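This report concerns only the one structure given below.
The values are calculated or read from the model by the stated rules, or taken from the named source; none is laboratory data. Bear in mind that the values here come from a model prediction, so they are computed numbers and not experimental data. Cβ: placed from backbone, ideal geometry, glycine included. Neighbour counts: every protein chain shown. With ligands, DNA and RNA removed, areas are computed over all heavy atoms of the protein, side chains included. Shrake-Rupley method; radii C 1.70, N 1.55, O 1.52, S 1.80 Å.
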Amino acid sequence: MEEGEGSNGGVFEGGLEVRVLVVDDSPVERRMVEGLLKKSGAMFQVIAVDSGKRAMEVLGLTDDKAEHPTVDHQKVDIILTDYSMPEMTGYDLLKTVKEQSCRKPIPVIIMSSENEPQRISRCRAIGAEDFILKPLQTNDVLRLRSYARPTELSPRTGTKRKMTLELMAENSGSDRRPRLAGLAVS
């Protein structure tokens, strides 16, 4: 962390930023979301596009292999997309990303100005991490932070071993050793 950035300065330990792909067909909404994310601190680097098809290009998920993606899809940490867009809806984008995202799943958050419970449950059923009502508020940005943890960071415990949440819960408050399934001891 550099000096003068505050407590965490919006940048994760090691200087990593969270790259957010904002997808909205409305230029006004895109600018508002981009401004809110940037105003929240240096944590977010925003890539804004106007359609689901353009988002697919940025993510490198197009059929046309001749085109080079603008951004390496493994460097996009979170996708924030509008639900209602022409040609390719946010739901269609969510579905495609979840089907294609095998190495590092990218969290997808859907935004909509319409609070329709069926729409919300439909998006969550296929893997949306959250459903946020427009216009985005400061509290929504705080919620985004919980989904936007780059997986490359490891805890600063001085060990290379990582304990899953299940193992931590299982081990808390007891002297038992965590069970490690499939681990051979030599």
Got at least one residue in the stretch 36-53 being modelled with pLDDT of 85 or more, open to solvent by 40 Å² or more (accessible area, probe 1.4 Å) and closer than 19 Å to Q100 by Cα? yes
Filter result for the condition that a residue is open to solvent by less than 20 Å² (accessible area, probe 1.4 Å), in contact with a Phe, Trp or Tyr (Cβ under 7 Å, 6 or more places away or on another chain) and either closer than 23 Å to E34 by Cβ or assigned to a helix (DSSP H, G or I) (or both), over I79, I110, I120, I106: I110
Within the set of pairs 6 or more residues apart or between chains, which connect a residue that is closer than 11 Å to S112 by Cα inside the stretch 76-92 to a residue that is assigned to a loop (DSSP other than H, G, I, E, B) and open to solvent by 10 Å² or more (accessible area, probe 1.4 Å) with Cβ atoms less than 6 Å apart? M85/D25; G90/Y83
Assuming G182 fulfils every condition listed in (1) open to solvent by less than 30 Å² (accessible area, probe 1.4 Å); (2) at positive phi; (3) modelled with pLDDT under 50 apart from one, which condition is it? (1)
Would a scan of the stretch 54-72 turn up a residue that is assigned to a loop (DSSP other than H, G, I, E, B), buried (at least 18 other Cβ atoms within 10 Å of the Cβ) and either modelled with pLDDT under 85 or of a type outside the set (F, W, Y) (or both)? no
